[in-house]
Amino acid sequence: MNTLSKTTNTVDGLDELLTNMFGKTAPPKEEILRHKWLESEKAGRDIGVLAAAYDWRAKYYPYWKEYHVSGEPAAMLQFRSASRRRVEILACYALLPLAVLFFGLALLQWTTGIDYTDYICGHQILYASPLPSHSYH
């Protein structure tokens, strides 16, 4: 009987605890109770409401507040989609170095006046010799 009343008092006092922790933008107690249940299942024991509230505040409160107070989705970088990560990797490790290489090549061509693209491609074209002419005897 004592355990049941202690649990009821903890859940009843949760609204006051959340107001003291978060102020006017306190999350609903269902969020904290859901987090408590999930984390308790992971730990294999009851972690308690206070520990769940502190853990939830550290992990999710900024994102929850941004979404629910402003009404716009939060920029949750840890939850980016796989396709977005692939695009970022492609941009950082493939396209950016290529852009730097082509810019350096253009700068080199501008300063020296020599077209280095033929050397890079492996085609060394001699522009000084004219096209072969056919002589008919």
- request: Determine whether Ala74 is modelled with pLDDT under 80, at negative phi and not assigned by TED's automatic domain parsing to the domain that holds Ile114.
  value: yes
- request: Report, by residue number, each residue of the stretch 30-55 that is closer than 22 Å to His68 by Cα, of a type in the set (Asp, Glu) and in contact with a helix residue (DSSP H, G or I) (Cβ under 9 Å, 6 or more places away or on another chain).
  value: Glu31, Asp55
task: Starting from the stretch 1-29, keep only residues that are under 24 Å from Tyr67 (Cβ atoms) and acidic (Asp, Glu), then list their pairs with residues that are assigned to a helix (DSSP H, G or I) and at pLDDT 80 or above whose Cβ atoms are within a distance under 8 Å, requiring at least 6 positions of separation or different chains.
output: Asp15/Lys29
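The values are calculated or read from the model by the stated rules, or taken from the named source; none is laboratory data. Quantities reported herein were computed from a predicted structural model and do not represent experimental measurements. Quick reminder, even Gly has a Cβ in these numbers, built from the backbone with ideal geometry, and neighbours come from all protein chains shown.
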